[in-house]
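*Asks:* Please see the structure below; I have some questions.
The values are calculated or read from the model by the stated rules, or taken from the named source; none is laboratory data. None of these values were measured; they are calculated from a predicted model. Ideal geometry is used to build each Cβ from the backbone, glycine not excepted, and the neighbour counts take in all protein chains shown.
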Amino acid sequence: MTVKTEHLGTALLVTMAAPPVNAIGHATREGLSQALAQAAATPGLTRVILTGAGRAFAAGADAREFDAAPVAPHLNEICAGIATSPVPWIAAINGVALGGGCELALACRYRIAVPAARIGLPEVTLGVVPGAGGTQRLPRLIGLAPALDLISTGKPVTAARAEALGLIDGQVDDPLAVALALDIGTLSLATQTDDLPNPAADPEAVEAARQTALRKMPGQIAPLRAIALVAASADTSLAEALAAERATFLELRAGDQARALRHVFFAERAAKAPSTLTAAPAPLDRIAVAGGGTMGAGIAWAALDAGVSVCLLETDAEGVARARANIDKLAAAAAQARGLTDASGIAARLGRLVVDHDPAAAADATLAIEAAFESLEVKRQVFAMLESHLQPEAVLATNTSYLDIDEIARGLADPSRLLGLHFFAPAHIMKLLEIVRAGATSDRALATGYALAARLNKVPVVARICDGFIGNRILARYREAADTLMMDGSNPWEIDEAMVGFGMAMGPYEAQDLSGLDIAFANRRRQDATRDPARRYIPISDRMVNEGRLGRKVGVGWYRYPGGGGKVIDPLVEDLAREEAWFAGVTRRRIDEAEIVERLVLAMVNEAAAILSEGIAARASDIDLVTVLGYGFPRWRGGLMHHADSLGAKAIVARLSEWAQEDPLAWTPAPALLDAAECSSRHMDSPVS
Ligand code: 3H9
């Protein structure tokens, strides 16, 4: 039974019980529909109290049902039934009330929530609009501007904020008790949301919400459609507006963006430790981070944020001072980010931190993460030091982006303790954690990696060893393909603009300017010895570095940054590309935006397919998570491999094969793609044998 009913005196208690978060699926809708009928058939009832079992009120419609046609009874009909019920319904909000859960509460006559509740309409983050009255009842209840804010961003609010907005009538520790005790007079004075007048029109707030959505959620349809629906609440009858809302919800629910966003939502949730991994992780209350540079300090701050005690190790007093300064910057930024933490929160974090150059200070750490300079020699020295000072059962991790972890492990007495934990900068913000399983990594070390991800609220993706693991290997191929386009006729700003138009958070050249051209340069030098001499090599990036154009940090890279400000196109870069093309005997040609996007996306897809074929990634959805959470691939396209599926393996292979005739080393289709194309019904998400 996903909905339980119980008579408590003259009240009917209706409890949604679909663990873990009471997502509202068909069975719950049936149960709610029956509860409506039961209430109507019970004489003398003074109230119906709606609540949720466990930790949630309701997490919204069950999104797992969205791939199939909707089945009656529908949630919008249930909300209408609650809103027009002669017996008043009270929402006793015991935990999160999101999406359809919030809409059920909005249809009630009265709403009381626990202080820990989070309430909101996050539908746009799943590519849909609220479909059970949210776009109409919320603005009637709290006004147009705040409703626009909640619905167009999808961000939930705390119970305190909900009360301040008038979304709920009060916060109490025991909403059920209060709902039972509420006197009839108070209840009858409360106005049913549907009887409230239309909210006042607010064209300025509507335009501001549109501009914010265009800027912050570019390419996405749902936020703009939701804004239009909320705007219409000012001058449209409730019945007409609810019908328009329902039609929009159903249209978007069946669309590509909603499918892609659902895919990422469920992929994120599926990315936890597999049940087959039974080893117990190391405890994580006290960890060490070796190296207090930008990355090490970011990792330390992420751990401090999660309540972990950290020993941040440096090599000498100067290093300790630098590490302290890096931590102070993060603390200052956290203090400025309003609402995240207060002064006592910052003090508590700093109270859990020790910064030292004596490795003995880390002796009781159960996990040590090395974030030192990217050199095999340096890393081996760090691990020798950690090995001699930490307990033998402590797990060791390297944050290397490219180095062979098996090579690092060779220096250890017990290589099974070592794994890779590849964080993304800024480490305290980015959600992705690549966990690299080396040849000897034990199940316990792996389980510790997963446990750390869970503790730090990050999404873990396991990779095997190769140059760059999953993400940086795809990135390297993306950059190589972009450089080739630049040599053959494009320029960095055309390429950046095309990829931003596709939906990437940033173009590849602006991103390089941000991270520094010297990092990719060092990688190319490391790869010189193993690079196939027959592979086409584009020297433009090397020349940039040789001319000191290292990116934003020096004020000039692919773009110029006068006065440390925004980017400005630099025609010298185009001259440089023309010159290199002339040296190489390349006749430059006009390359349009569509070709730029197609070449760069398919270069990444082909590399990702090779990564799957080689078993570096276990599943295509892991690659989707890496590209979306680590590299700015548009979430609403579902990640690289989900997007590839939408293009179709056959079409991809046909295009790659055509390009392979000009350059087989760069474009020959990977075996996983050939497999998928051969069996065209098979998605790349299917397991690769
Ligand atoms: C909607 O409501 C449309 C209506 O307007 C119109 C209707 C007509 N569906 O995240 P967690 C699962 S659209 C299905 O790990 P947490 C989740 O997959 C919906 N399943 O826990 C996971 O399963 P598993 C609008 C869902 O405590 C388990 O629950 N609502 C749904 O970190 C635990 O989830 C939203 O967008 C769902 N709606 O966070 C809210 N929600 O154990 C989406 C969760 O098998 N949900 N599951 O891996 C969330 O934001 C978070 O899950 C929540 C809990 C904050 C609720």
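*Asks:* Six or more apart or on different chains, Cβ under 6 Å: which pairs go from a residue in the range 434-450 that's within 18 Å of Leu403 (Cα to Cα) to one that's surrounded by fewer than 24 Cβ atoms within 10 Å (Cβ to Cβ) and acidic (Asp, Glu)? Could you list them?
*Replies:* Ala438/Asp406; Gly439/Asp406
*Asks:* Then there is this: Would you mind telling me which numbered condition in (1) over 28 Å from the mean Cα position of the chain (by Cα); (2) of a type in the set (Gly, Ala, Ser); (3) closer than 20 Å to Ala92 by Cα Ala41 fails?
*Replies:* Evaluating Ala41 over (1) over 28 Å from the mean Cα position of the chain (by Cα); (2) of a type in the set (Gly, Ala, Ser); (3) closer than 20 Å to Ala92 by Cα leaves (3) as the failure.
*Asks:* Please pick out the residue among Ala372, Ala409, Ala384 that is in contact (Cβ under 8 Å) with a residue 12 or more places away in the chain and either within 24 Å of Ala279 (Cβ to Cβ) or surrounded by 24 or more Cβ atoms within 10 Å (Cβ to Cβ) (or both).
*Replies:* After applying the criteria, what remains is Ala409.
*Asks:* Scan the range 275-285 and tell me whether some residue there is within 13 Å of the ligand (Cβ to nearest atom), at pLDDT below 95 and outside the structural domain of Gly100 (by TED's automatic domain parsing).
*Replies:* Yes, because at least one residue in the range 275-285 is within 13 Å of the ligand (Cβ to nearest atom), at pLDDT below 95 and outside the structural domain of Gly100 (by TED's automatic domain parsing).
*Asks:* Here is a further query. With the range 121-198 as the region, which helices (runs of 4 or more DSSP H) entirely inside it contain at least 1 residues that are buried (at least 19 other Cβ atoms within 10 Å of the Cβ) and within 16 Å of the ligand (Cβ to nearest atom)?
*Replies:* Counting at least 1 such residues, we get 134-142, 144-153, 159-165.
*Asks:* Which one of Ala360, Ala384 is in contact with a His (Cβ under 7 Å, 6 or more places away or on another chain), in a helix (DSSP H, G or I) and assigned by TED's automatic domain parsing to the domain that holds Leu456?
*Replies:* Answer to the selection: Ala360.
*Asks:* Sticking with this structure for a sec: If I go through the range 556-586 residue by residue, how many of them are closer than 21 Å to Gly507 by Cα, in contact (Cβ under 8 Å) with a residue 60 or more places away in the chain and not charged (D, E, K, R)?
*Replies:* Matching residues across the range 556-586 total 5.
*Asks:* Same structure again: Any idea which residue in the range 228-250 is surrounded by the fewest Cβ atoms within 10 Å (Cβ to Cβ), counting only those that are more than 31 Å from the chain's Cα centre (by Cα) and of a type in the set (S, T, N, Q)?
*Replies:* My answer is Ser237.
*Asks:* For residues that are touching a residue at least 12 places away in the same chain (Cβ under 8 Å) and in a loop (DSSP other than H, G, I, E, B), scanning just the range 632-665, find the one that is farthest from Ala505 (Cα to Cα).
*Replies:* Ranking the candidates gives Asp663 first.
*Asks:* For Trp301, which of the numbered conditions (1) hydrophobic (A, V, I, L, M, F, W, C); (2) without any contact (Cβ under 8 Å) to a residue 40 or more places away in the chain; (3) in contact with a His (Cβ under 7 Å, 6 or more places away or on another chain) fails to hold?
*Replies:* Against the list (1) hydrophobic (A, V, I, L, M, F, W, C); (2) without any contact (Cβ under 8 Å) to a residue 40 or more places away in the chain; (3) in contact with a His (Cβ under 7 Å, 6 or more places away or on another chain), Trp301 comes up short only on (2).
*Asks:* Can you name the helices (runs of 4 or more DSSP H) wholly within the range 552-631 that have at least 2 residues being assigned by TED's automatic domain parsing to the domain that holds Ala505 and among the small types (Gly, Ala, Ser)?
*Replies:* 571-583
*Asks:* Within the range 94-114, which residues are part of a helix (DSSP H, G or I), within 12 Å of Asn22 (Cβ to Cβ) and aliphatic (A, V, I, L, M)?
*Replies:* Within the range 94-114, just Leu104 meets the criteria.
*Asks:* Okay, next question. Please verify whether Leu312 is more than 28 Å from Ala618 (Cα to Cα) and either assigned to a helix (DSSP H, G or I) or at pLDDT below 95 (or both), treating the condition exactly as stated.
*Replies:* no
*Asks:* Another question about this same structure. Would a scan of the range 640-663 turn up a residue that is under 19 Å from Gly615 (Cβ atoms), at pLDDT below 95, surrounded by fewer than 15 Cβ atoms within 10 Å (Cβ to Cβ) and not aromatic (Phe, Trp, Tyr)?
*Replies:* Within the range 640-663, not a single residue is under 19 Å from Gly615 (Cβ atoms), at pLDDT below 95, surrounded by fewer than 15 Cβ atoms within 10 Å (Cβ to Cβ) and not aromatic (Phe, Trp, Tyr).
*Asks:* Out of curiosity, is Pro86 modelled with pLDDT under 95 and either more than 10 Å from the ligand (Cβ to nearest atom) or polar (S, T, N, Q) (or both)?
*Replies:* Yes, satisfied.
*Asks:* Please list, ordered by first then second residue, the pairs with beta carbon atoms under 6 Å, 6 or more apart or interchain, first in the range 172-198 and in the same structural domain as Arg140 (by TED's automatic domain parsing), second in a helix (DSSP H, G or I) and among the acidic types (Asp, Glu).
*Replies:* Pairs found: none.
*Asks:* Could you check the range 254-302 and list, in sequence order, the residues that are of a type in the set (Lys, Arg) and either in a helix (DSSP H, G or I) or closer than 30 Å to Asp358 by Cα (or both)?
*Replies:* Arg259, Arg262, Arg269, Arg286
Residue by residue, here is whether (1) at pLDDT 95 or above; (2) more than 20 Å from the chain's Cα centre (by Cα); (3) within 16 Å of the ligand (Cβ to nearest atom); (4) not aliphatic (A, V, I, L, M) holds:
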{"site": "His263", "(1), (2), (3), (4)": "yes, no, yes, yes"}
{"site": "Ala267", "(1), (2), (3), (4)": "yes, no, yes, no"}
{"site": "Gly293", "(1), (2), (3), (4)": "no, yes, no, yes"}
{"site": "Ala300", "(1), (2), (3), (4)": "yes, yes, no, no"}
{"site": "Ala303", "(1), (2), (3), (4)": "yes, no, no, no"}
{"site": "Ala321", "(1), (2), (3), (4)": "yes, yes, no, no"}
